[in-house]
Amino acid sequence: MADIIKLTAILFVISALAALAISGTYSIASPKIELQKRREQEQALQAVFPPGARIEETKGSAPLPPLYWTAKNADGKILGYAFATAGKGYSSDIRCIVGVEPGGAILGMKVLSQAETPGLGTRVMEVVSTSYLWNSLFKKKTAGEPWFQSQFKGLNARRPFAVKTKVDEWHTCPPDARRALAAENAVTAITGATISTRAVVNAIETTVPNYLKAIERMSGRDEHQEGAAVDDTAGVETRNN
Amino acid sequence: MILQELKRGIIDENPIFVLVLGLCPSLATSTSVENAIGMGIAATLVLTCSNVIISMVRGVIPGKIRIPCFIVIIATFVTIVDLLMKAYSPALNRSLGIFVPLIVVNCIILGRAEAYASKNSVRASLVDGIVMGLGFTVALFILASIREVLSANKFLGLLVIPGFEPMPVFGLAPGGFFAIALVMGVVAMLRERRKKA
């Protein structure tokens, strides 16, 4: 009996020390982790909007997310919006940022973080190189593109996406096959089970169309309430639609 | 002495091919050479440090509750490494981050803690961690080379043989078993032959 109590006490002390060590490290590391996340987010924003766009943080109220981004060109015309969204993958939440035009055409998609199965789900971030090993030993390596993310560019976020399996992956498709996929609003899956692919697709489908509609309603209402004189950016945007 | 230890970790007591430890992460991360190297490095680091820590506390922990204690210590250590890596080295986190959670459940770490570090000096445990980690890395590298070339005609993401039609099954779990079985068979054959000689 005394033995059980003694062992329990020792295990308790060890666990308590472990918890202390982790919480100590966490309190030191978490502000830095937040900082790294912000930095990553800024880089992703640069990537999902056309170069040269002025990116503004925008505060939203429901149904919009508390924070999203608006990109304008030099004249203040709205080029598009970016939303952070996440989908449930196989073993993690796949967080991504999507840039869309007001009409729904996707300007760019960037995966921020994921912890999927290495070699399968992690291919959402895959960068494919087409050069041969022997060439790259002598020549400089050419930077490939993250094809899974690139294939979303130009698709319409307001329409449902099609997920294609058993077809050639996007990065091996010639331009006309890519156009055919784009016409169907289709993406090619990274794995046969399509869990990670659908996670990304669902993340976009379930949020972006609603957000865009909400923004449309809002800017329409602004027009009515404030008149044409006050908010000229909203005016420009509606005229363009 | 060093060579002997290296030989022990890489050949005589290779964690995957001889001790048959850590097959689950091996299966998952030997699909490409890049993943294999990443997992190998991450596991070697954690294994070495956990061996040292376990060896340091081996006199304090009562034998009856050593396993839960080891698990708590290893999991704590891995979590701390994970947090620090995320905070201070985003580049390292991008390449090794996905492997760190896999390491907590890697039985090589617990296996070496139980079989070696809990019975040997800190210095010997440090060496054991390094050579076992290297053995794991080498084994993963061999498996991944076979699997990546056969499944995608690629090595480190670069194409290898012009016109070779790849066999995707080698990139999936069954192919992982094929590759492990083949290499394990060859290793066992060589060991048998050496025993006779």
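Since every read-out is calculated from the coordinates, none of them should be taken as a lab result. Remember, it's a predicted structure, so these values are computed and weren't measured experimentally. FYI the Cβ positions are ideal-geometry reconstructions off the backbone, even for glycines, and counts take in every protein chain you see.
Set the Förster distance to 51 Å, then compute FRET efficiency between B:E5 and A:A74 from the Cβ-Cβ distance, nearest 0.05.
Using R0 = 51 Å, I get an efficiency of 0.20.
Under 10 Å, Cα contacts only: if you run a Gaussian network model on chain B, which one of B:A91, B:A139, B:A75 comes out with the highest mean-square fluctuation?
Greatest mean-square fluctuation among the candidates belongs to B:A91.
Quickly estimate the mean residue ellipticity at 222 nm for chain B, helices only: each DSSP H run with n ≥ 4 gives -39500 (n - 2.57), and the total goes over all residues, rounded to 500.
So the helix-based figure for chain B works out to -22000 deg cm²/dmol.
Taking the Cα-to-Cβ direction at A:E216 and at A:D93 and moving 7 Å from each Cα, how far apart do the two end points lie in nm?
Each label point is offset 7 Å from its Cα along the Cβ direction, giving 2.8 nm.
For chain B, modelled as a GNM with alpha-carbon contacts under 10 angstrom, which of B:I53, B:I67, B:I37 fluctuates the most?
It is B:I67.
Among A:N210, B:T31, A:P175, whose Cα lies farthest out toward the positive end of the dipole of the protein assembly as shown, if unit charges sit on the beta carbon of Lys, Arg (+1) and Asp, Glu (-1)?
Selected residue: B:T31.
How far apart, in nanometres, would the label points at B:I65 and B:A181 be if each is projected 7 angstrom from Cα along the Cα-to-Cβ direction?
Reported label-point gap for B:I65 and B:A181 is 4.4 nm.
Which order do A:W147, A:W170 fall in if you start with the one that has the fewest other Cβ atoms within 10 Å?
Ascending Cβ contact count within 10 Å gives the list A:W147, A:W170.
Quick query: amide H of A:F161 versus all other amide H atoms, modeled in the peptide plane; which residues come in under 5 Å with a sequence gap of 5 or more or a different chain?
The answer is none.
What dipole magnitude, in Debye to the nearest 20, does chain B give about its Cα centre under +1 on Lys/Arg Cβ and -1 on Asp/Glu Cβ?
Using Cβ point charges on Lys, Arg, Asp and Glu, chain B gives about 560 debye.
Could you check the simple spin-label distance between B:A173 and A:E169, using points 7 Å along Cα→Cβ, in nm with one decimal?
2.1 nm
Taking the number of other C-beta atoms within 10 Å as the exposure measure, put A:I5, A:I55 in order starting with the fewest.
So the residues, fewest neighbours to most, are A:I5, A:I55.
Please rank B:R66, B:R58, fewest neighbouring Cβ atoms within 10 Å first, as an exposure proxy.
Ranked by crowding around the Cβ, least crowded first: B:R66, B:R58.
Given the options B:A179, B:A87, B:A43, state which has the largest fluctuation in a GNM of chain B using a 10 Å cut-off (strictly under) for Cα springs.
Its mean-square fluctuation being the largest, the pick is B:A87.
HN-Hα J couplings of segment A:28-36 from phi, Karplus 6.51/-1.76/1.60, θ = phi - 60°, integer Hz, Gly and Pro as x?
Ordered by residue, 3J(HN,Hα) equals 6, 7, 4, x, 5, 5, 4, 4, 4 Hz.
State the extension gain, in nm to one decimal, for the chain segment bounded by A:A19 and A:A180, taking 0.36 nm per residue of separation less the distance between their alpha-carbons.
Value of the extension gain: 52.5 nm.
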